[in-house]
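First the structure, in the form of structure tokens, and then the observations on it.
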Amino acid sequence: MSFATANRAALYSVKETVWGTTPATPTLKEVRYTGEGLDESLSFEKSKEIRADRMVSDTILVDSSPAGSFNFELSATTFDDYLESALMSTWGAQLAIVGVAGDISTVAAASDNLSSSLAGKFTNILVGQWIRLSGFTTNSGENNGYYRVTAKTSNQLITVVPQPPSAETPAGAAAEIDGSMLRNGVTETSWTFVKILNDATAVTRHIFRGLRIKGFSLEMSTGAILTGAFNVVGKSGEWSTGTFAGETLSPATTTEVMNSVTNIQNVIQDGAALGAPGSIMTLSMELDNQHREQKGIGVLGNVGVVAGQLMVNCTAQQYFESKAQADKFKAATAFSFSFRMQDAAGNGYIITLPRCKYESFVTN
């Protein structure tokens, strides 16, 4: 007999095309995780029959609520598919717009400050998107960096913030624009997750079908790895010692794990840095789709899982510098908020909440 241990467990997933149905000949991708709590959450009810011997007649299975979470350490590209499901949308076109014969320019103006001499150059750039400029050389590359698109006059003229420091037109194919955007939507997707216990007496699987990504969270604090969790709720669960017909096991990504120190590049409020460098001690964010289970007689598990109102909350601890933030809280002033996470290879994410308000503000 062999007892299963967490160190020999593995977690895999595959996206479904039909809710609650594992695709034929699936390619199961390994999940990078630090812990998980996936469970069928079976419910039992004791029989209320009255017996002269005072014994309970039976205990009956009456419900199942497959749900749980898995924790992770953030690494680039690893969780992009789950982020799509959490935001109920898809990533936009991956930009790799390369300048040709000096056709991309920064302009010293408050509007239309990024231009191209070629029609349609900026077709795939979206308003609200963050982009990365590279290949500019003036004053040690002062125009290189990250910008948010605030307006698009045409597919040759866009406005970005912050405003580029200077006017510049790199020669040849030096200039490049990179980026992709994921914005919240309304399209539900689902997953089959498979927890494999490799060192049980016989390799055993706990299979969860129809899992919706209920939400996710991120946690950043001084001297720590950048961590998070995905929450899920689904249709059904089962145990098995078999495999899916024609299945393939795909390895996980190998991108480096990010930390909350050197990999947090900036925290921005209304287009400017939120406080002096190092003024923020902790920062957390939670997105909740508020999924609810739908039950029906004759079905063990759920007959449906549907999303509710999207809720996003952020919490931060910051050294007090001035009463500017307290003024925003008391006046119920709306503001934009974003933060960038980037690994040493230049891969990363910028999370933007375009309209926020403080719900509480406490000094201690």
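The values are calculated or read from the model by the stated rules, or taken from the named source; none is laboratory data. Keep in mind it's a predicted model, so treat the numbers as computed, not measured. Here Cβ is always computed from backbone atoms with ideal geometry, including for glycine, and neighbour counts include all displayed protein chains. Surface accessibility is based on the protein's heavy atoms, side chains included, excluding ligands, DNA and RNA. Shrake-Rupley method; radii C 1.70, N 1.55, O 1.52, S 1.80 Å.
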Practice problem: Would you confirm whether any residue within the stretch 242-258 is in contact with a Leu (Cβ under 8 Å, 6 or more places away or on another chain), open to solvent by less than 30 Å² (accessible area, probe 1.4 Å) and at pLDDT 95 or above? | Solution: yes
Quiz prompt | the stretch 337-353 residues that are open to solvent by 20 Å² or more (accessible area, probe 1.4 Å), paired with ones that are among the charged types (D, E, K, R) (beta carbon under 7 Å, 6 or more apart) | solution = A344/E256; G348/R340; I350/R340
Quiz item: Could you give every pair whose Cβ atoms fall below 6 Å, whose first residue belongs to the stretch 235-259 and is of a type in the set (F, W, Y), and whose second residue is part of a strand (DSSP E or B), counting only separations of at least 6 or pairs across chains?
Solution: W239/H206
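When the stretch 173-217 is examined, which residues are found to be part of a loop (DSSP other than H, G, I, E, B), among the small types (G, A, S) and touching a strand residue (DSSP E or B) at 6+ places or on another chain (Cβ under 9 Å)? Spell out the reasoning first.
Of all residues in the stretch 173-217, those part of a loop (DSSP other than H, G, I, E, B) come to 173-175, 180-189, 198-203.
Of the ones still in play, those that are also among the small types (G, A, S) are 173-175, 180, 185, 200, 202.
Answer for the stretch 173-217, where residues must be part of a loop (DSSP other than H, G, I, E, B), among the small types (G, A, S) and touching a strand residue (DSSP E or B) at 6+ places or on another chain (Cβ under 9 Å): A173, A174, A175, S180.
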Quiz prompt | Residues satisfying the stated conditions in the stretch 268-296, i.e. more than 25 Å from Q129 (Cβ to Cβ), at pLDDT 95 or above and in a loop (DSSP other than H, G, I, E, B) | solution = Q290, H291, K295, G296
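Name the strands (runs of 3 or more DSSP E) wholly within the stretch 220-259 that hold at least 1 residues that are among the aromatic types (F, W, Y) and out of contact with any Cys (no Cβ under 7 Å at 6 or more places or on another chain)?
Values: elements: 227-233, 236-240, 248-250.
So the answer is 227-233, 236-240.
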Self-check item: Considering residues of the stretch 28-47 that are among the hydrophobic types (A, V, I, L, M, F, W, C) and open to solvent by 70 Å² or more (accessible area, probe 1.4 Å) only, the residue nearest to the chain's Cα centre (by Cα)
Solution: L42
Quiz item: Which of (1) within 30 Å of L300 (Cβ to Cβ); (2) in contact (Cβ under 8 Å) with a residue 40 or more places away in the chain is the odd one out, the single condition L218 does not satisfy?
Solution: (1)
Exercise. Output the residue which, of all residues in the stretch 9-22 that are out of contact with any Ser or Thr (no Cβ under 6 Å at 6 or more places or on another chain) and in a loop (DSSP other than H, G, I, E, B), is surrounded by the fewest Cβ atoms within 10 Å (Cβ to Cβ).
Key: T17
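If you take the residues in the stretch 208-228 that are of a type in the set (A, V, I, L, M, F, W, C) and surrounded by fewer than 20 Cβ atoms within 10 Å (Cβ to Cβ), which one is farthest from S41 (Cα to Cα)? Full working, then the answer.
Restricting attention to the stretch 208-228, the residues satisfying the condition of being of a type in the set (A, V, I, L, M, F, W, C) are 208, 211, 213, 216, 218, 220, 224-226.
Remaining after also requiring surrounded by fewer than 20 Cβ atoms within 10 Å (Cβ to Cβ): 224-225.
On the way: A224: 32, I225: 31 Å.
By that ranking, first place goes to A224.
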Exercise. Having 1 or more residues that are under 31 Å from the mean Cα position of the chain (by Cα) and charged (D, E, K, R) is the bar; report the strands (runs of 3 or more DSSP E) wholly within the stretch 93-172 that clear it.
Key: 130-134, 145-154
